[in-house]
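Data block below; observations after.
The values are calculated or read from the model by the stated rules, or taken from the named source; none is laboratory data. Since this is a predicted model, take the numbers as computed values, not measurements. Neighbour counts are summed over all protein chains in view; Cβ atoms, including those assigned to glycine, are modelled from backbone coordinates with ideal geometry. Heavy atoms of the whole protein, side chains included, go into the accessibility calculation; ligands, DNA and RNA do not. Shrake-Rupley method; radii C 1.70, N 1.55, O 1.52, S 1.80 Å.
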Amino acid sequence: HGDEVLVALLPSKKGEKRISGEVMEVVERKKKRFVGTVEKKKKQSFAFLRPDDERMYVDIFVPATKAKNKQKVLAEIVRWDDPKKSPEGKIIKVIGKKGDSETELSSIVLEKGLSIDFPGKIMKQAEKARRKDINKKKRKDLTSVPTFTIDPEDAKDYDDALSVKETEEGYEIGVHIADVSHYVEEGSLLDKEARKRGFSIYLVDRTIPMLPEELSNDICSLRPHEERAAFSVIMEIKKNGEVKKSWFGETVIVSDRRFSYKEAQDILDGGSGDLYRELSILSSLAKTMRKKRIDSGALNIEDDELYFHLDHDGRPLFISRKESLFAHKLIEEFMILANREAASRFNTFYRIHESPDEKSMKELFSFLSKFGYRLRKEGNRVTSHELNRVFEEVKGKDEEFLVRSVILQAMSKAAYSTEKKRHFGLALKEYTHFTSPIRRYADLTVHRIAKKKLNGEKVKTSEYKEIAREVSLRELDVLDAERASVAYKQVEYMLERVGEKFDAIISGVTEFGLFVRETETKAEGLVSIRDMEDDFYTMNEETYSLMGSRKKKRYTLGDKVKVKLVGGSLETRRLEFVLV
């Protein structure tokens, strides 16, 4: 999957519409490293590696290894002359015992080609960078301005802070971002490592940072009561949320208080507490700005994020839905605002989100019509206003998650680009990522561009095209790893409950059975058609359903069902259910 190949076209048969061919040569392999399980007999020096990636169709032969049978390892292909035979590989890293939670989560990350540990050279450079002084004479001193951070309760890398000052015409709002570019020199080994990683990875039970913790959790993090180098945007904002003007520059700040989202929300709800006046001003502005954004066409998508309550060994005790607080939206609005201002000011590196393509929209129209929902088109396209109407219409209904996820799947994937294009989801003409340089290389890149432009230097857009391409591709791997870690922990939790009954919703219909989603943990699994013994069921693609031939009982996408958990596999992250 993903290989670049040379293909010879085969002669087409009469009446055959599909073009067929034969792979003559693999020009370039996309992937050479695979995570898998060692299969080795006693007293043998050689072994075979059974890859976790199901798209790898043969085992990898390892001529000599000290790895033990059933261990999980990372291997690299060194030779593959005959596609019909196993390639030859070497073991790069022994990850651990198969089935062990630590091993399996590490395997998820390594399988995606992502890094976990930092090499010694990088750690030495990080320690040296951490000791770099802040030249306060060259920075705007904002240490006396009331400033604070609002982050998740378990966060350690605080990369954005806010400040508020009242003016005659409105407010002066400061969004202060950790000045990572001050510590990470462009082109250094540290910078190259950050670029290779692209992002911090947030697994259920751990964070794998883009930068070593000496930087991400220490000197770059905007910790309370400590002077920190920041790159700030200070905006003059009217009471109606309109930005009159903005200033960008290097600053030095001191955060007066670190709030968790819940602490900030409690102060807003209670009407008093630390920095209540500042929080209430931000809350009022955020509500105004959010309404304006949605009225202008920004997609109004509610997150359905899970929170895993883990024991000291990292095993899930229970799973709950993360509480949705306005404090989350407050931060979101000011980060969007800062990102928008940065895109407008420095116009070189963008976060883009293109409109859905026609094919995706046709499939979406067909799907929604089965549930009685209609999308109205303007010309040949669907507007974000119309999608918001469907989001609102489906809210609270059994099929809400299904309709929402299908709409999101129909959307184009957001990406990074040096071309200025509209951001469909946010309904903005230009947008970038500026506010999280500790955990995203794109933001660090935007900081460097901004500093060069502020210093009067010329910036060549072409120099950043490759970075935009790299981080866009890397983001897909990171998202896959994060989703896989959630699925792993869901399965780990559910396998302790084999034999129990659950409420679920049918989330997929295939010829071989029903995919169901448990309503509380959101864990998905398969009800195999061979276990539906009360009738002979066949699939109706038009109605997304399985129909019994004798009793005419029908199971349709979105139906509520009662199921019993009968098994599953941590390795494949799959659950098996039967209908009750």
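Assorted remarks:
- Short-range pairs are left out: with C-alpha atoms under 8 Å and at least six residues apart, the relative contact order of the chain is 11 percent.
- Residue 90 accessible area, 1.4 Å probe, all protein chains in place, Å² to nearest 10: 100
- Environment charge at residue 449 (Cβ cut-off 12 Å; Lys +1, Arg +1, Asp -1, Glu -1): +3
- Rolling a 1.4 Å probe over the heavy atoms of the protein chains gives the range 210-299 an accessible area of 41 Å² per residue.
- Of the whole protein surface, residue 247 contributes about 90 Å² of accessible area at a 1.4 Å probe radius.
- Dividing the helix sum by the residues of the chain, where each DSSP H run of 4 or more adds -39500 (n - 2.57), gives a mean residue ellipticity at 222 nm of -9000 deg cm²/dmol.
- Label-to-label distance, residue 135 versus residue 543, with points set 7 angstrom from Cα along the beta-carbon direction: 7.4 nm.
- Rounded to the nearest 0.05, the FRET efficiency derived from the C-beta distance between residue 296 and residue 534 at R0 = 51 Å is 0.45.
- In the complete set of protein chains, residue-level accessible area for residue 363 is approximately 110 Å², probe 1.4 angstrom.
- Label-reachable residues, the range 156-192, where backbone N falls under 17 Å from a point 7 Å from residue 143's Cα toward its Cβ: 179
- Here, the range 502-561 yields an orientationally averaged convex hull projection of 3.8 nm² when only Cα atoms define the hull.
- Residues of type aspartates and glutamates that residue 395 reaches as a straight line, Cα spacing below 14 Å, ignoring anything fewer than 8 places off in the same chain: 302, 303, 304
- Separation in nanometres of the label points that stand 7 Å from Cα toward Cβ, at residue 86 and residue 284: 7.1
- A full extension of the chain between residue 166 and residue 94 corresponds to an added length of 20.1 nm, given 0.36 nm per residue minus the alpha carbon distance.
- The range 54-78 versus the range 159-176: alpha-carbon centroid distance in Å: 56
- Under 20 Å of direct C-alpha separation, and excluding same-chain neighbours fewer than eight residues apart, residue 13 reaches these aspartates and glutamates: 22.
- Under 18 Å from residue 552, Cα to Cα: lysines that are on another chain or at least 8 residues apart: 560
- Surface accessible to a 1.4 Å probe, per residue, for the residues of the range 485-580, Å²: 52
- Acute angle (nearest 10 degrees) that the helix 120-130 long axis makes with the longest principal axis of the chain, alpha-carbon atoms: 20
- Measuring against 27 Å, Cα to Cα, the residue pairs 137/238; 124/156; 292/453 contain 137/238; 292/453 as the ones spanning a longer distance.
- A simple spin-label model places pseudo-atoms 7 Å from Cα toward Cβ; at residue 128 and residue 429 they are separated by 4.6 nm.
- Of 192/429; 140/245; 132/460; 420/458; 31/72; 43/68, those spanning more than 22 Å from alpha-carbon to alpha-carbon: 192/429; 132/460
- Centre separation in Å (Cα based) which lies between the range 438-506 and the range 403-418: 14
- Length gained on full extension, residue 360 to residue 121: 81.4 nm, using 0.36 nm per residue less the C-alpha separation.
- Residues in the range 1-148 average 69 Å² of solvent-accessible surface per residue, probe 1.4 Å, ligands and nucleic acids excluded.
- Fraction of accessible area attributable to carbon and sulfur, the chain (%, probe 1.4 Å): 47
- Which label in (i) 26.5, 84; (ii) 25.3, 93; (iii) 22.6, 69 gives the computed Rg and Dmax of the Cα atoms in Å: (i)
- Kirkwood hydrodynamic radius of the range 285-330, from the reciprocal of the average inverse Cα-Cα distance over all distinct pairs: 13.1 Å.
- With a 1.4 Å probe rolled over the protein heavy atoms of all chains, the accessible area of 176, 182, 385 falls in the order 385, 182, 176, largest first.
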